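Accompanying notes for the structure given below.
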Amino acid sequence: MEQDDRVPPPARISAGEAIGSLIAIVFGLVFVVVNSGEQAAPWPLVVRVAGVVVAVALVVLLLRRGKPEGGAGTTFFDRGRFRWIVFAEVVALFAGLYVINGVLGHGEAGVAWIALVVGVHFVAMGRAFRLTRFRALGGTMTVLGLAGFALAFANAGAAAIGLVAGVLSGVALFAVAFYTVRR
């Protein structure tokens, strides 16, 4: 009898995990690409290329997990709590950015606000859906947003704020996507 030495295919990912991972990959890439531009040359190009390579690799890993189990109807997007959390997030984002940019005139701190609000959003999502990885991501992004505000108050400049609150938030999103598709 011949032994089968092939590696079994990875377990299928749930529909919610697949959608959540794809969202994390896309927004992680957005955070990296948008917020790396203030760095000294050649770093914007290096960071952006690295971000694209990581995003593509994560999508490949996600696709290797196969068709999601459970179908589209089983995702957490169908739940009312998700809608309320996202609604609160959108209102907080726009209201805060209006104050930061229009009233206070500190547009360089906008990315810190975005990281903070998105972080709090993930903490709420983690609690609502009992997902430790979302609570960890939310805590990380909240801390990065607060660190971005500290840098803004210290007049550290847009490059430092973008790196800490923006690029590192993108890395955190990539890390959660990687954790999800590799489990």
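Mean sequence separation of contacting Cα pairs (under 8 Å, at least six apart), scaled by the length of the chain, corresponds to a relative contact order of 32 percent. Ranked by the mean number of other Cβ atoms within 10 Å of their residues, highest first, the peptides 12-18, 35-41 fall in the order 12-18, 35-41.
Applied to segment 101-117, the Karplus parametrisation 6.51 cos²θ - 1.76 cosθ + 1.60 on θ = phi - 60° returns per-residue 3J(HN,Hα) values of 7, x, 8, 8, x, 10, x, 5, 8, x, 5, 5, 5, 4, 4, 5, 5 Hz, with x for Gly and Pro. Where a ≥ b ≥ c are the square roots of the eigenvalues of the C-alpha gyration tensor, would you call the chain rounded, which needs a/c under 1.5, or, failing that, prolate if a/b is larger than b/c, or oblate? Oblate. Quick check on segment 115-182: take the gyration tensor over C-alpha atoms, sort the square-rooted eigenvalues as a ≥ b ≥ c, and tell me if it's rounded (a/c under 1.5), prolate or oblate. Here segment 115-182 falls in the oblate category. For 25, 100, the sequence from fewest to most other C-beta atoms within 10 Å is 100, 25.
Can you give the local net charge around residue 165? Use residues other than it whose beta-carbon is closer than 13 angstrom to its beta-carbon, Lys and Arg +1, Asp and Glu -1.
-2
For the chain, what is the calculated [θ] at 222 nm in deg cm²/dmol (nearest 500), taking -39500 (n - 2.57) for each run of four or more DSSP H residues and dividing by its residue count? That comes out to -22500 deg cm²/dmol.
Counting 0.36 nm for each residue step from residue 40 to residue 127 and taking away their Cα separation leaves a gain of 27.4 nm.
In whole Å, what is the distance between the alpha-carbon centres of segment 85-114 and segment 165-183? Each part reduced to its Cα centre gives a spacing of 23 Å.
No value in this document is a laboratory result; all are computed from the given coordinates. All of these numbers come straight from a predicted model, not from anything done at the bench. Note that we place each Cβ from the backbone using ideal geometry, even for glycine, and neighbour counts take in every protein chain shown.
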